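Report on one structure; see the data block that follows.
The values are calculated or read from the model by the stated rules, or taken from the named source; none is laboratory data. Model, not experiment: these values are computed from the prediction. Using ideal geometry, Cβ is built from the backbone for each residue, glycine included, and neighbour counts are taken over all protein chains shown.
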Amino acid sequence: MQLIGNIAVARVVEAEGAFAAVDFLLPGFDSSMLKNHPWLQPRFVDQENRVMMSFHSYVIRTGRHVILVDGCVGNDKERPLRPVWHRQQGPFLQRLAEAGVKPEEITLVFCTHLHADHVGWNTKLVNGRWVPTFPNARYLFGRTEYEHWEKLHRAGEKPNHDSFADSVLPVMEAGKADLVASDYEIDHGLHLEAAPGHTPGTCLLHAKSGQAHGIFSGDVIHTPVQLADPSLSSRFCSDAAQSARTRRALCERYADTSSLLFTGHFPAPSATRIVRLGQSSFSLRN
């Protein structure tokens, strides 16, 4: 459990471990950089140069809301191009219960963006149909993000492993979703900020309580390797150059401050503060 002032944050892990070779995730990666940044190994990059990643959600408890941020991969999803995700049967809901949260207690679900590994638990399979997992929640989707993927879906494409069809559209059709602007204020102290590049409509979620500040950053930064070199965008970024600009701006803005970054894929503990290493490089401090 982590606190942002009076706001409590719990991390619920679906999976964690070696994901893929760093130069697969980050096509511009040069392994020689590890010599200049030994702090990256072995916690963030293993001895086989595989990036260590976590797939998790955050549960934010405020005085009014219980908010789930990002929905991981989900169970029973058809993901044949990613065998580890294909029809997986993981203990996510049990881990949510262990964090003291029942699905019906969630009042809001917010997706920083609509990639398959951030929307999966939006829905669950019941009698052959995809239904919202959190029956009492409103789901918040960024309008720019939603409309981008909806356009591709309506054109007959199957973006993001067809996750729009099984993990986003059923929520909309159930009347549970709200499309919101990229600067939407969820509640006092909770607001969104546009952070395009990884996807067209990626948003940050800011949480402020008293003097404390937390930022839920989704995939603006996948791995601390991108702190060491913010110019490295992932192969999954829709606009690599914009992604790099957004990432660097985030680092510049919050380096050496008390703001806590709740990252989308850093291994435990996943929440960190950014510190400046030099003119163009950063590190982290938990």
query: Pick from PHE55, PHE19, PHE44, PHE29: which is of a type in the set (Phe, Trp, Tyr), crowded, with 16+ Cβ neighbours inside 10 Å and in contact with a Cys (Cβ under 9 Å, 6 or more places away or on another chain)?
result: PHE55
- request: State whether the residues of segment 55-75 include one that is over 30 Å from VAL180 (Cα atoms) and of a type outside the set (Asp, Glu).
  value: no
query: Which one of these does GLU16 not meet: (1) within 20 Å of the chain's Cα centre (by Cα); (2) closer than 30 Å to PRO135 by Cα; (3) in a loop (DSSP other than H, G, I, E, B)?
result: (3)
- request: Mind counting the residues in segment 61-87 that are surrounded by 13 or more Cβ atoms within 10 Å (Cβ to Cβ) and either among the aromatic types (Phe, Trp, Tyr) or farther than 19 Å from LEU114 by Cα (or both)?
  value: 5
- line: Note: among SER280, SER233, just one is assigned to a loop (DSSP other than H, G, I, E, B) and more than 23 Å from PHE19 (Cβ to Cβ), namely SER280
message: So the check is Cβ under 6 Å with 6+ separation or different chains; which pairs have a first residue in segment 242-260 that's closer than 21 Å to THR199 by Cα and small (Gly, Ala, Ser) and a second one that's surrounded by 21 or more Cβ atoms within 10 Å (Cβ to Cβ) and at pLDDT below 95?
response: none
query: Of PHE262, PHE266, which residue is assigned to a strand (DSSP E or B), modelled with pLDDT of 95 or more, among the hydrophobic types (A, V, I, L, M, F, W, C) and under 28 Å from VAL59 (Cα atoms)?
result: PHE262
Subset of segment 148-180 (residues that are farther than 15 Å from ALA116 by Cβ, of a type in the set (Asp, Glu) and free of Cβ contacts under 8 Å to residues at least 24 places away in the same chain): GLU150, GLU173
Criterion (more than 17 Å from the chain's Cα centre (by Cα) and of a type in the set (D, E, K, R)) met by exactly one of ARG11, ARG79: ARG79
- line: Counting only residues that are crowded, with 18+ Cβ neighbours inside 10 Å and either more than 19 Å from ALA195 (Cα to Cα) or not β-branched (Val, Ile, Thr) (or both), segment 105-137 contains a total of 20
